[in-house]
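Data block below; observations after.
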Amino acid sequence: MRSILKSDKPEILIEKEKEWHDELMQYVKQGAEIPSTVAGRYRHSQIKKALLSETGDKCVYCESKLTHIDYGDIEHILPKSIFRELTFSWDNLTIGCAKCNKNKDIYYNPKLPLLNPYIDEPEKCITFIGAIPYPTNGNDRAEITIMKLKLDRSELVERRDEHIKKLSPLFKQFHRTQDLNLKQLLLDDLMEYTKPDKEFSLLTKQVLENLKITG
């Protein structure tokens, strides 16, 4: 997980958010069953496309590339079952993989909220030791985030470990070479993997820092 900047609201929400919200809330106030055609409008293709672009096609929680593992689920940061009024709020919408979304479920605890990559700074809260994430300095919110989302689940750790092993030859070559031009080229290549749209970018950034591979 790493910090994400919220992109501009898609046109469909600019045009339809109030209308969709008002119609939904009418059902809520009446205690009536909400048709899926009303409740599920946040799944509009324009919204999903904007969220995928905003997140670099990654799950905002585990940083897996969605195109590598599944189609991605539009996710409500604050659960829509509790905060009905935020069902179509752009600031409450993001995207995640099916496993993280399932693990998160409808968790809501105002005293111990999960880390929000849009307003918190996960980079300061989560520390990777090898391929496993730990709460930095015992950070309680990082701990509940890791535990609830299962960010240390075995298959995820295995994929992160494979990612590190894939880059290991570049790490070794960077430290071994005495050629400054080659060293800079290797550094440039490695820094590409730390960009926000890259899979496991926080892990990569911290590994490079630990290995003293910096610009």
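The values are calculated or read from the model by the stated rules, or taken from the named source; none is laboratory data. Not measured: the values here are computed from a predicted model. Ideal geometry is used to build each Cβ from the backbone, glycine not excepted, and the neighbour counts take in all protein chains shown. What goes into the accessible areas is simple: the full protein's heavy atoms, side chains included, and nothing from ligands, DNA or RNA. Shrake-Rupley method; radii C 1.70, N 1.55, O 1.52, S 1.80 Å.
Below, the figures for the structure above:
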{"quantity": "Selection count where residues are part of a strand (DSSP E or B) and either more than 17 Å from the chain's Cα centre (by Cα) or at pLDDT below 95 (or both), scope region 125-177", "calculated": "1"}
{"quantity": "Every pair of residues 6+ apart whose Cβ atoms lie under 6 Å, when the first sits in region 10-29 and is over 24 Å from E54 (Cα atoms) while the second is open to solvent by 70 Å² or more (accessible area, probe 1.4 Å)", "calculated": "V28/R84"}
{"quantity": "Within region 32-62, considering residues that are hydroxyl-bearing (S, T, Y) and buried (at least 17 other Cβ atoms within 10 Å of the Cβ), the one farthest from the chain's Cα centre (by Cα)", "calculated": "Y42"}
{"quantity": "Subset of region 187-215 (residues that are polar (S, T, N, Q) and loosely packed, with under 15 Cβ neighbours inside 10 Å)", "calculated": "N210, T214"}
{"quantity": "Lone qualifier among K65, K102 - being charged (D, E, K, R), closer than 22 Å to I132 by Cα, open to solvent by 80 Å² or more (accessible area, probe 1.4 Å) and out of contact with any helix residue (DSSP H, G or I) (no Cβ under 6 Å at 6 or more places or on another chain)", "calculated": "K102"}
{"quantity": "Within region 68-99, tally of residues that are within 13 Å of L51 (Cα to Cα), open to solvent by 30 Å² or more (accessible area, probe 1.4 Å) and of a type in the set (D, E)", "calculated": "2"}
{"quantity": "Selection status of K183, surrounded by fewer than 19 Cβ atoms within 10 Å (Cβ to Cβ) and either of a type in the set (G, A, S) or touching a residue at least 12 places away in the same chain (Cβ under 8 Å) (or both)", "calculated": "no"}
{"quantity": "Residue match in region 35-52 (condition: touching a residue at least 60 places away in the same chain (Cβ under 8 Å), within 20 Å of L13 (Cβ to Cβ) and touching a helix residue (DSSP H, G or I) at 6+ places or on another chain (Cβ under 9 Å))", "calculated": "no"}
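Results for (1) surrounded by fewer than 17 Cβ atoms within 10 Å (Cβ to Cβ); (2) farther than 18 Å from N103 by Cα; (3) aromatic (F, W, Y); (4) touching a residue at least 24 places away in the same chain (Cβ under 8 Å), shown as yes or no for each residue.
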residue: C125; (1), (2), (3), (4): no, yes, no, no
residue: I132; (1), (2), (3), (4): yes, no, no, yes
residue: L156; (1), (2), (3), (4): no, no, no, yes
residue: R160; (1), (2), (3), (4): no, yes, no, yes
residue: H163; (1), (2), (3), (4): no, yes, no, yes
